[in-house]
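Accompanying notes for the structure given below.
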There are 4 protein chains.
Amino acid sequence: MSTAFRYTRTVAFAETDMAGIVHFSNYFRFMEEAEHAFLQKLGHSVHAEGPDGLVCFPRVEAGCSYLGPLRFEQQFSVGVLVTEVRPKSVSYRMPIEDADGTPVAEGKITAVCATRDQPDSKLRAIPIPEPLARAFAEALTAAE
Amino acid sequence: MSTAFRYTRTVAFAETDMAGIVHFSNYFRFMEEAEHAFLQKLGHSVHAEGPDGLVCFPRVEAGCSYLGPLRFEQQFSVGVLVTEVRPKSVSYRMPIEDADGTPVAEGKITAVCATRDQPDSKLRAIPIPEPLARAFAEALTAAE
Amino acid sequence: MSTAFRYTRTVAFAETDMAGIVHFSNYFRFMEEAEHAFLQKLGHSVHAEGPDGLVCFPRVEAGCSYLGPLRFEQQFSVGVLVTEVRPKSVSYRMPIEDADGTPVAEGKITAVCATRDQPDSKLRAIPIPEPLARAFAEALTAAE
Amino acid sequence: MSTAFRYTRTVAFAETDMAGIVHFSNYFRFMEEAEHAFLQKLGHSVHAEGPDGLVCFPRVEAGCSYLGPLRFEQQFSVGVLVTEVRPKSVSYRMPIEDADGTPVAEGKITAVCATRDQPDSKLRAIPIPEPLARAFAEALTAAE
């Protein structure tokens, strides 16, 4: 997993719950932040207005297995591995580790590439634009 | 305060933090929900597309004094009292009480009435549309 | 699915994101609220101090398939169906529908029954206490 | 204000709302993160178990004036200025600026220093422990 992109940050107080640990829903926000940082490294955004209008990545599937707790002030990292690229969608595996490299969770997200014709109209799936599609394909190869 | 509009609900688990109580930032979400319910009673929304375009109420000021904690599963209510109406803004006082009527917080919000000319353009302040302005004025009188 | 427990409420403004729809992480909070309401109907809590100490239900697995968007002020319901009961864990399927009964998402959660020996010690799995285990078993039969 | 501590980060997607800007409640989380980073620089935490038990800083007052919007991916900074130190409480002024130094909000928080005698007992105010009280006093002088 040495080639994976990793996003690192620290647990904020507001992300904990009364059980004294990070609320399970917040792992999905961590994953989205990591995905966003990964896309930024590829020169893209999760929600960007480009020359051909909005390109965004709504989720069709998200999941997480919880292996151990994360606590306030603890540093953690989210790995981003591309596991599948289709013409209009991309799937990620996102292993979450604490500062010692101990796995604390294993997330996954499948996102569809989408746009809308008018600012108020519905999103519709479109082919992932180049050069992002090629960058995903390269990241997929690296992860295998 | 018997004439005030009151919004009531119960604390969710995700709204607590590791101190075992509701995180202080969530009181502002409670207040917005109460404001929203209040506007709905007046036949309006905090963010509505009308015949003349979007009418929304971005905040210019928000504050809260914390008098005691709120805990998981506890029922609470947020009162909504109009304290000032200007042509383009409205101010609320929002006393928060537990199920026994004991004050737990005292919030306040000032919101500006705004619209935008295009879906992507900036918000600009506009006079509060009738009949909402009149409803605010009546609520102000009732609160005094 | 007529026998399933259903939890109903309305989307709050703060639950939307700049795409104009409910942020995907919030569906997990909706599911937890529904699970909580379901447990309350069975006379239990997701996080309760009982005569034998704390009994809580940390998640080991959570997932969601997104079928369509939810928007501000939209009413939705979360069904709670018990799909598996083990001595120390319970699994739910949680279909989310809009006010017209159109499916908008399909969630699932597996939670472990846990306690801790001291207020500051780690959580450890314990058998689901009676009569909750029996209530889960009955709900499982009803869902099949 | 050149001597003020500043905390800098970027707006996450989940922090926006359907108006396309950061939800007003999230500014209070930004302030808490900044306060936390400031306390860390002083060698303390907002919620720490020390040799004499828990020392934490529940809020008694929080407020924010909103001067302009913050958007997704925008970088911003929160300044932390100590404006008053009392034996058992501390007050901060927290100017929030965008990457160009343009003010976007002006926050304030007053927090009480507190502990609890047992893990489950209520919080009670205590004198701010040394050397934190001295560090606050020095930061107050620097801010004046």
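The values are calculated or read from the model by the stated rules, or taken from the named source; none is laboratory data. These numbers come from a predicted model, not from an experiment. Cβ sites come from the backbone with ideal geometry, for glycine too, and all protein chains shown count toward neighbours. Please note that ligands, DNA and RNA were not included when accessible areas were found on the heavy atoms of the full protein model with its side chains. Shrake-Rupley method; radii C 1.70, N 1.55, O 1.52, S 1.80 Å.
Here are the numbers for the structure shown:
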item	result
Residue in the stretch D:47-54 that is without any contact (Cβ under 8 Å) to a residue 24 or more places away in the chain and either of a type in the set (Asp, Glu) or open to solvent by less than 10 Å² (accessible area, probe 1.4 Å) (or both) present	yes
Neighbours by Cβ (under 6 Å, 6+ apart or cross-chain): first from the stretch B:9-20, of a type in the set (Asp, Glu); second outside any helix (DSSP H, G or I)	B:Glu15/B:Val22; B:Asp17/A:Thr16; B:Asp17/B:His23
Residue satisfying condition, being open to solvent by 40 Å² or more (accessible area, probe 1.4 Å), at positive phi and away from every other protein chain (no Cβ under 12 Å), within set C:Gly43, C:Gly101	C:Gly43
Matching residues in the stretch D:104-121 - criterion: being of a type outside the set (Asp, Glu) and within 14 Å of chain C (Cβ to nearest Cβ)	D:Arg116, D:Gln118, D:Pro119, D:Ser121
Subset of the stretch A:18-40 [facing another protein chain (nearest Cβ under 7 Å) and outside any helix (DSSP H, G or I)]	A:Met18, A:Ala19, A:Gly20, A:His23, A:Phe24, A:Ser25
Every residue from the stretch B:100-143 that is in a loop (DSSP other than H, G, I, E, B) and within 19 Å of D:Ala19 (Cβ to Cβ)	B:Cys113, B:Arg116, B:Asp117, B:Gln118, B:Pro119, B:Asp120, B:Ser121, B:Lys122, B:Leu123, B:Ile126, B:Ile128, B:Pro129
Looking only at the stretch D:88-144, and only at residues there that are closer than 23 Å to D:Arg6 by Cβ and of a type in the set (Lys, Arg), the one that is modelled with the lowest pLDDT	D:Arg134
Residue check for C:Ala34: open to solvent by less than 10 Å² (accessible area, probe 1.4 Å) and in contact with a Pro (Cβ under 7 Å, 6 or more places away or on another chain)	no
Per-region count, the stretch D:111-126, residues within 26 Å of D:Phe28 (Cβ to Cβ) and either free of Cβ contacts under 8 Å to residues at least 24 places away in the same chain or more than 18 Å from the chain's Cα centre (by Cα) (or both)	7
Candidates D:Glu84, D:Glu61, D:Glu97 - the one that is touching a residue at least 24 places away in the same chain (Cβ under 8 Å), out of contact with any helix residue (DSSP H, G or I) (no Cβ under 9 Å at 6 or more places or on another chain) and assigned to a strand (DSSP E or B)	D:Glu61
Looking only at the stretch B:46-69, and only at residues there that are at the interface with chain D (Cβ under 7 Å from one of its Cβ atoms) and touching a Gly at 6+ places or on another chain (Cβ under 9 Å), the one that is farthest from D:Ser121 (Cα to Cα)	B:Glu61
Subset of the stretch B:64-81 that is of a type outside the set (A, V, I, L, M, F, W, C) and touching a residue at least 60 places away in the same chain (Cβ under 8 Å) - its residue that is surrounded by the most Cβ atoms within 10 Å (Cβ to Cβ)	B:Gly79
Tally of residues being free of Cβ contacts under 8 Å to residues at least 24 places away in the same chain and not basic (Lys, Arg) across the stretch B:21-31	3
Qualifying residue in the stretch A:107-114 (condition: open to solvent by 30 Å² or more (accessible area, probe 1.4 Å) and within 30 Å of A:Phe72 (Cβ to Cβ))	yes
Conditions (1) within 14 Å of chain B (Cβ to nearest Cβ); (2) open to solvent by less than 50 Å² (accessible area, probe 1.4 Å); (3) farther than 27 Å from B:Phe57 by Cα; (4) touching a strand residue (DSSP E or B) at 6+ places or on another chain (Cβ under 7 Å): number failed by D:Ala139	(1)
